[in-house]
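Throughout, read-outs are computed from the coordinates displayed, never taken from laboratory work. Values in this document were obtained by computation on a predicted structure and should not be read as measured data. Backbone-built Cβ (ideal geometry, glycine too); neighbour counts: all protein chains shown.
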């Protein structure tokens, strides 16, 4: 196996909480849409706490979501977050959430993990970090409406190519026909597409 082969952290640290309050709460689902939507009050507070704890553990907060009574926290660091990092952040969040009682409603679960190899891209810094990697995007309109004139690409809403650059909220893809220039505001969903290194082959047959 090549030394450059990246290993995905799949371990999740799960803690279950029970809250005696009975307020009805609708899940604030932060899905894989680019930039998501504005966090509500309590989730924004949880996000800020998670960011502080991640930084304290030498990591950064990559993303946070709350869906189906599961609070998912994704952390990252260079070159990659470890299992121990996930555990440390999970313990720190558990202590605070147990005391602060921030999340309304009944019981919920806390999961802390890394965003994985095929990570979802939402924020501008996500795209900047993904430059040079194969990225798949889905736009909210056909590319011809975004100024793309290449016949092959006019009617499509999907691009899966190497992201050659990201600048001033614009995504640049180099394709055989030339360059595709896609505004971030037109991107509904985006993620990194994992590829095995081409040199990750057996040297001896």
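Run the numbers for residue 164 and residue 140: contour at 0.36 nm per residue of separation, minus the present Cα-Cα distance, in nm.
Once the chain is fully extended between residue 164 and residue 140, it gains 6.5 nm.
Sort 177-189, 82-94 by packing, meaning the average of other beta carbons within 10 Å per residue, with the highest value first.
Ranked from most to least packed, the peptides come out as 82-94, 177-189.
Between residue 152 and residue 56, what is the FRET efficiency for a Förster distance of 41 Å, r being their Cβ-Cβ separation, to the nearest 0.05?
Working from the Cβ atoms, E equals 0.25.
How many nm separate the modelled label positions at residue 195 and residue 101, each set 7 Å beyond the Cα in the direction of the Cβ?
5.3
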